[in-house]
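The values are calculated or read from the model by the stated rules, or taken from the named source; none is laboratory data. This one's a predicted model, so the numbers in the text were calculated from it and none came from an experiment. All Cβ positions, glycine included, derive from the backbone under ideal geometry; neighbour counts span all protein chains shown. Keep in mind that these areas ignore ligands, DNA and RNA; they rest on the heavy atoms of the full protein, side chains included. Shrake-Rupley method; radii C 1.70, N 1.55, O 1.52, S 1.80 Å.
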Amino acid sequence: MSDCGKLIVVSGPSGAGKSTVISRVMEQDKSVVFSVSATTRKPREGERDGADYYFIDTERFQKMIDNGELLEYARYVDNFYGTPKAPVEENLAKGLSVLFDIEVQGAMQIRDKCPEAILIFVIPSKFSEIEKRLHARGTDSEEKILQRIRTARIEYSMALNYDYIVLNDDPDTAANEIKSIITAEKCKTANRQKYLSEVC
Ligand code: 5GP
C-alpha cells in the first residue's frame, strides 16, 4: 500500500485564497492531480472550461446526478458543484493522489464514502481578511459577497471535522504546509509496511 494515491480534500471559505495555494501545490508535486469539478456557475474572467471547472447547465448537472457520475455534489450559494467520479478512480488506479477543492458539505460526503481521505481546512489567521479579499476580487455583487460571508461563518463552524487546519496568510507558506501534510501521510507506518516485509 506504500505508494498508493491519496484523496486530499481542501476546503475553506470563499476568500481564503485556496485556489492560489492549491495551484502552488500542484506546480510543485507532480504526484498530485487536481480534480476538476462540474458546476452550474458561470465562468469568471480567465477561467477555462475543463481546467478550472466543467461549466455545464442545470439540466446536464441533474443528469450527472441521476447517472451516478458524481462522487459528491452540493449546492453552494446559488449554484451546484460536483466531483466527476471517473477521473478520480482513473488517477487513483495510476497511483496518483487526487486533490479536491470543495466546500464542506461535499467534504463530509467524501469522508463518509472514503474514510481514509485527508481533510484540510484553509483559512487566513484573521476572519476580516476573508471579507477584505472578497471585496477586493471585484467579481461578485455586494449581495453575493454578503451571502459568501454568511456562508463562510457557517463553514468555520465545520472546521473541527477536518484533520488539519492550514493558515493562509502567505500562499507559499500555506502550500508548504499542505505538502508537508501529504508527505507525512505517505510516511505513515500503515502505508510503508511493505518495506518491513523482507525482515518481519
Ligand atoms: P467558486 O464559485 O468560488 O469557484 O467556488 C465556490 C465553492 O464551491 C468553493 O468553496 C469551492 O471549494 C466549492 N466547490 C468547487 N467545486 C466543488 C465540488 O465539486 N463539490 C463541492 N461540494 N464543492 C465544490
* Put +1 on the Cβ of every Lys and Arg and -1 on every Asp and Glu Cβ in the chain; which of Thr139, Leu119, Ala86 then has its Cα farthest towards the positive end of the dipole? -> Leu119
* Is there a pair in Lys30/Lys132; Lys63/Lys85; Lys30/Lys186; Lys30/Lys63; Lys6/Lys30 whose C-alpha atoms are over 25 Å apart, and which pairs would that be? -> Lys30/Lys132; Lys30/Lys63
* **Surface share of carbon and sulfur [accessible, 1.4 angstrom probe, percent] for segment 7-196** => 52 percent
* What shape does segment 26-114 have by the C-alpha gyration tensor, where a ≥ b ≥ c are the square roots of the eigenvalues, rounded means a/c under 1.5, and otherwise prolate means a/b greater than b/c and oblate the rest? -> oblate
* Asked: Reachable aspartates and glutamates from Lys194, Cα under 14 Å, same-chain residues fewer than 8 places away excluded?
  -> Asp3
* To do: Identify all lysines with a Cα-Cα distance to Lys126 below 24 Å; exclude those on the same chain that are fewer than 8 residues away in sequence.
  => Lys18, Lys144, Lys179
* Asked: Does segment 149-200 come out rounded, prolate or oblate, given a ≥ b ≥ c as the square roots of the eigenvalues of its C-alpha gyration tensor, rounded meaning a/c under 1.5 and, failing that, prolate meaning a/b above b/c?
  -> oblate
* **Accessible surface, segment 1-109, averaged per residue in Å² (probe 1.4 Å)** => 47 Å²
* In 10 Å bins starting at 0, how do the alpha-carbon pair distances of the chain split up by percent? -> 8, 34, 38, 15, 4, 1, 0
